[in-house]
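J.: A single structure is presented below for examination.
The values are calculated or read from the model by the stated rules, or taken from the named source; none is laboratory data. Values in this document were obtained by computation on a predicted structure and should not be read as measured data. Here the Cβ positions follow ideal geometry from the backbone for every residue, glycine too, while neighbour counts run over all protein chains shown.
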Amino acid sequence: MDETVAEYIRRTVLKMPRDEIKTMLQKWGFLSEAQLQTLNFHQVKDNISKEVVQLCEENSADIKQAALLDIIYNHIYHNKRMWSVYQMEKKGEELEYFDLTDFKKKFKRRLRSTLKNVTITFREYEDNAIWIRVAWGTPHRNPNQYKPTYVVYHSQTPYVFISASVLKSNLPLLCQALIVASNYHEIREMELRSHSLNSLKDIVFKRYSQNFQTYCPKPLQEKNVEPENVDLRIVQENRSEKERIHRMNQEAFGDGPQPILEFAHYRLETMFKSDPKMDVLDKKEPFRCLVKFSSPHLLESLKSLAPAGMADVPLSPLLTCIPQKARNYFRIKEKKSLFPEGFVSP
């Protein structure tokens, strides 16, 4: 077994939590059950990794097997990476039968026609998700296995999820291989990114709970009896306000859990205007600024603002439209029409 393969397998095992190493090796399926029984999973991880490498040497593991183990780890810990969403388009609406073997063949052929030194590995999962791992090289260097690109493609859908580690010089090659292999004609980035791959899928596949219809909740029940000296008109007003906030929050966010997004970027481009006689502004260049909202769970944070008394309802559509528009990067220019036409793609 090649030394670089052995070292890559060892480092992959070291990344795994010790109590999950056996499970991941079983999913890998490269080592026999008898070989797994010889491993002591209660010792330090460094010793476990060395024993795994020794067993892999007995089985003559190659880079393909090492790459499959890497995919298994990243499939389980996909939230450790930043993912970008791409949407493909085709001419016409006809549905075509998806042939996985043909997809793999076309993808490899297209990518290797322009770049010889590249490692391409596939693994299929039960939800029709095809994981693709691409390790990039150069005409004079072998592929760098420690900086691969991960692609997740759901067959029969136009959506592709790509880990943000891909180099700009390699991205056009990857996109071209995807549209050729899947029989599409165009591909574009959707300006939607997150560490939560499942949440991105929920947004583009419309699996999140968000409605825009009037919601009429039942009157809130007060747990404590109001004191006799409290003006009942004030109590009723407070109750009505809580119900109003709750109703409008439901209309904006729905009643289910929100997809996990960590940030939203708003890039503003506007022009300052002043009296020509004052000559305050000499330049005609637009004023630009970037506003960032960030949180471990941005949409849930926004949803909690009004009930906590930290914001009025309804919240700005600039914030509540994120899942509906399937994007968290916006460019806002001079207002020429009503929302949402004011949004302009970068």
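J.: Counting only residues that are assigned to a loop (DSSP other than H, G, I, E, B) and of a type in the set (A, V, I, L, M), which one in the stretch 281-330 is nearest to the chain's Cα centre (by Cα)?
T.: For the stretch 281-330, the residue satisfying everything is Ala326.
Every residue, every condition in (1) touching a helix residue (DSSP H, G or I) at 6+ places or on another chain (Cβ under 6 Å); (2) part of a helix (DSSP H, G or I); (3) in contact (Cβ under 8 Å) with a residue 12 or more places away in the chain, yes or no:
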position	(1), (2), (3)
Thr23	no, yes, no
Lys27	yes, yes, yes
Gln35	yes, yes, yes
Asn79	no, yes, yes
Gln87	no, no, yes
Lys91	no, no, yes
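J.: Just to be sure I understand the filter: pairs with C-beta atoms under 6 Å, separated by 6 or more residues or on different chains, first member in the stretch 282-311 and within 11 Å of Leu261 (Cα to Cα), second member assigned to a strand (DSSP E or B) and at pLDDT 90 or above. Which pairs pass?
T.: Correct list of pairs: Phe293/Ala264; Ser294/Phe263.
J.: On the given criteria, is Val166 at pLDDT 95 or above and either surrounded by fewer than 18 Cβ atoms within 10 Å (Cβ to Cβ) or β-branched (Val, Ile, Thr) (or both)?
T.: Here the answer is no, as Val166 does not meet what is asked.
J.: Further question: Please enumerate the residues belonging to the stretch 97-114 that are within 16 Å of Val152 (Cα to Cα), hydrophobic (A, V, I, L, M, F, W, C) and part of a helix (DSSP H, G or I).
T.: Across the stretch 97-114, the qualifying residues are Leu100, Phe103, Phe107.
J.: Mind counting the residues in the stretch 68-126 that are of a type in the set (Gly, Ala, Ser), loosely packed, with under 15 Cβ neighbours inside 10 Å and at pLDDT 95 or above?
T.: Number of matching residues: 0.
J.: Looking at the stretch 325-346, which of the residues that are surrounded by fewer than 15 Cβ atoms within 10 Å (Cβ to Cβ) and of a type in the set (S, T, N, Q) is modelled with the lowest pLDDT?
T.: Taking the candidates together, the pick is Ser345.
J.: So which pairs qualify, if the first residue must be in the stretch 247-259 and more than 16 Å from Leu200 (Cα to Cα), the second must be among the acidic types (Asp, Glu) and part of a helix (DSSP H, G or I), the Cβ gap must be under 9 Å, and the two must be at least 6 apart or on different chains?
T.: Phe253/Glu300
Per-residue answers, yes or no, for (1) in contact with a Cys (Cβ under 8 Å, 6 or more places away or on another chain); (2) at pLDDT 55 or above; (3) over 22 Å from Ser304 (Cβ atoms):
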| site | (1), (2), (3) |
| --- | --- |
| Cys216 | no, no, no |
| Glu222 | no, no, no |
| Asn229 | no, yes, yes |
| Leu232 | no, yes, yes |
| Arg239 | no, yes, no |
| Lys242 | no, yes, no |
| His246 | no, yes, no |
| Asp255 | no, yes, no |
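J.: State which residue pairs qualify: first residue in contact (Cβ under 8 Å) with a residue 12 or more places away in the chain and inside the stretch 166-177, second residue hydroxyl-bearing (Ser, Thr, Tyr) in any location, beta carbons under 6 Å apart, and separation of 6 or more residues or different chains.
T.: So the pair list comes out as Val166/Thr149; Leu173/Thr114.
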